[in-house]
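Data block below; observations after.
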2 protein chains.
Amino acid sequence: MSSSTTSVSQALHWRYATKKFDTRKIPDATWEVLRQSLSLTPSSYGLQPWKFVVVENPALRAKLKPHSWDQTQIVDASHLVVFTHRTEITEADVNRFTQLISTVRGVPAEKIEPYRQMMLGGVVKGKDAAGQKEWAARQLYIALGQLMAVAAVLEIDTCALEGIDPAKYDEILGFKGTGYQTVVACALGYRATDDQYAQAQKVRFPTDQVVTKL
Amino acid sequence: MSSSTTSVSQALHWRYATKKFDTRKIPDATWEVLRQSLSLTPSSYGLQPWKFVVVENPALRAKLKPHSWDQTQIVDASHLVVFTHRTEITEADVNRFTQLISTVRGVPAEKIEPYRQMMLGGVVKGKDAAGQKEWAARQLYIALGQLMAVAAVLEIDTCALEGIDPAKYDEILGFKGTGYQTVVACALGYRATDDQYAQAQKVRFPTDQVVTKL
């Protein structure tokens, strides 16, 4: 059953970049849907060049804070998700995916071969190192957008955290040498009753200027 | 009122990259929420460096198709949204935004000055031309992720279209010289009953491998 247009519209207006979280924890059943939101995110070719790391350890969170403009959401929010992508997209990544297609859908490898070649041409051979990283980073931003929207309709607060030092995150979280690297993070939980930004008027250019027709 | 975890989870599983749309049109009330989803998308600093162009004109859609790997969604879907960002982020863009903050929230310009300086340092002076474009493109991908998630909970089908020729889009849609350029597109509408992909098993790496804990 779909959600009503009214409730979704309300959720999108209710959402804001939460500056101050309180200590309430997201219930397991709700968190499960947010986890699913991450792994079900659509990606280019379906390649899923990512890993999402939920930092629970308070000591690690405390270490990340100074590398995140000292934003308190890093330590206060119920959940902190760090978005990482493959440092490099190789033929092995493509093969891992085509093998998964073959297993899940029961399709023989030779039928997937043209698609495998398309991915190799498009992402592995067709992009240089910087191009691969940027392609992968964009996929992470789809996941970020989907996660924040899904959270809003579930009445979970979020704050995207772009102002982080990815290299420091990689160091502190031990990503170096794992084949994954940090791009962005997102805090999730519940707004504190005294977060003054919760009441602030949303600042948006008029929809008619931003969404136009041709 | 929030949506139920069950209905949101079902929506995320129901969604797939729709290959074949039928001719049904998205009702106005539903489209209005999808439009809002675009303009309410969270962005870095709140700067909204974007314009979303809904291509209604069938002749224009037909012209775009050959520059979109001939995907039929371009002409068949109820709505086709082209995601564009500012070709360059200038001090004028930042000023336009701070003026809006001042107007909407009734805050005097001098109180916003530190924030204005932060944005100038972070995006206008702090990034070269390529860095600005990539920063802006990532913001568009938040909008894309949010749009697809919101559509799913409203039982609207989508297909993100990354396989397009942005330069040709700019030419055909007359964006050259407007200060905006195409990055990606998204088709929205209703899956055709004979779209074989609608029944295909979703191919995802196990959630426990993709969402990990520390």
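Residues in region A:6-27 that are buried (at least 19 other Cβ atoms within 10 Å of the Cβ), β-branched (Val, Ile, Thr) and within 9 Å of another protein chain (Cβ to nearest Cβ): A:Val8 alone.
B:Leu154 meets all of the listed conditions (1) closer than 27 Å to A:Val81 by Cα; (2) among the aliphatic types (A, V, I, L, M); (3) within 9 Å of another protein chain (Cβ to nearest Cβ); (4) under 16 Å from the mean Cα position of the chain (by Cα) but one, namely (4).
If the condition is being more than 9 Å from chain A (Cβ to nearest Cβ) and surrounded by fewer than 17 Cβ atoms within 10 Å (Cβ to Cβ), then region B:28-43 contributes only B:Asp28.
Please determine whether any residue of region B:48-58 is over 22 Å from the mean Cα position of the chain (by Cα), of a type in the set (A, V, I, L, M) and surrounded by fewer than 19 Cβ atoms within 10 Å (Cβ to Cβ).
Pass one, region B:48-58, residues over 22 Å from the mean Cα position of the chain (by Cα): none.
So far as region B:48-58 goes, no, none of its residues is over 22 Å from the mean Cα position of the chain (by Cα), of a type in the set (A, V, I, L, M) and surrounded by fewer than 19 Cβ atoms within 10 Å (Cβ to Cβ).
The criterion of at least 3 residues that are free of Cβ contacts under 8 Å to residues at least 40 places away in the same chain, in contact with a Lys or Arg (Cβ under 9 Å, 6 or more places away or on another chain) and not assigned by TED's automatic domain parsing to the domain that holds A:Thr23 is met, among helices (runs of 4 or more DSSP H) falling completely within region A:34-112, by A:91-105. Yes or no: region A:186-205 includes at least one residue that is of a type outside the set (A, V, I, L, M, F, W, C), surrounded by 15 or more Cβ atoms within 10 Å (Cβ to Cβ), assigned to a helix (DSSP H, G or I) and at pLDDT 95 or above. For region A:186-205, residues of a type outside the set (A, V, I, L, M, F, W, C), surrounded by 15 or more Cβ atoms within 10 Å (Cβ to Cβ), assigned to a helix (DSSP H, G or I) and at pLDDT 95 or above: absent. Of the residues contained in region A:169-177, one or more are found to be more than 23 Å from A:Asp93 (Cβ to Cβ) and either within 7 Å of chain B (Cβ to nearest Cβ) or not in a loop (DSSP other than H, G, I, E, B) (or both).
Any idea how many residues of region B:117-158 are of a type outside the set (A, V, I, L, M), surrounded by fewer than 22 Cβ atoms within 10 Å (Cβ to Cβ) and assigned to a helix (DSSP H, G or I)? Of the residues in region B:117-158, 8 are of a type outside the set (A, V, I, L, M), surrounded by fewer than 22 Cβ atoms within 10 Å (Cβ to Cβ) and assigned to a helix (DSSP H, G or I). Could you please tell me which pairs satisfy a Cβ distance under 9 Å, a separation of 6+ or placement on different chains, a first residue in region A:192-214 that is more than 7 Å from chain B (Cβ to nearest Cβ) and in contact (Cβ under 8 Å) with a residue 40 or more places away in the chain, and a second residue that is assigned to a loop (DSSP other than H, G, I, E, B) and among the β-branched types (Val, Ile, Thr)? Taking only residues 6 or more apart or on different chains, the pairs are A:Ala192/A:Thr18; A:Ala192/A:Thr23; A:Asp195/A:Thr18; A:Tyr197/A:Thr18; A:Ala198/A:Thr18. Of all residues in region A:61-71, those being closer than 15 Å to A:Cys186 by Cα, at pLDDT 95 or above and hydrophobic (A, V, I, L, M, F, W, C) number 1. Among the conditions (1) more than 12 Å from chain A (Cβ to nearest Cβ); (2) over 15 Å from the mean Cα position of the chain (by Cα); (3) of a type in the set (A, V, I, L, M, F, W, C), B:Leu188 misses just one, which is (2). Can you find a residue that is buried (at least 18 other Cβ atoms within 10 Å of the Cβ), among the small types (Gly, Ala, Ser) and at pLDDT 95 or above anywhere in region A:88-106? No, because not a single residue in region A:88-106 is buried (at least 18 other Cβ atoms within 10 Å of the Cβ), among the small types (Gly, Ala, Ser) and at pLDDT 95 or above. Of all residues assigned to region B:130-142, at least one qualifies as being over 24 Å from A:Thr5 (Cα atoms) and over 18 Å from the mean Cα position of the chain (by Cα). Residues that are among the charged types (D, E, K, R), surrounded by fewer than 20 Cβ atoms within 10 Å (Cβ to Cβ) and out of contact with any strand residue (DSSP E or B) (no Cβ under 9 Å at 6 or more places or on another chain) do occur in region A:64-82. Here B:Ala149 fulfils each of the conditions (1) within 9 Å of chain A (Cβ to nearest Cβ); (2) more than 27 Å from B:Tyr16 (Cα to Cα) apart from (2). Looking across region B:48-91, the residues that are away from chain A (no Cβ under 14 Å) and closer than 19 Å to B:Glu134 by Cα come down to B:Thr87, B:Glu88, B:Ile89, B:Thr90, B:Glu91.
The values are calculated or read from the model by the stated rules, or taken from the named source; none is laboratory data. Since this is a predicted model, take the numbers as computed values, not measurements. Methodologically, a virtual Cβ is constructed for each residue, glycine included, from the backbone with ideal geometry; neighbour enumeration extends over all protein chains shown.
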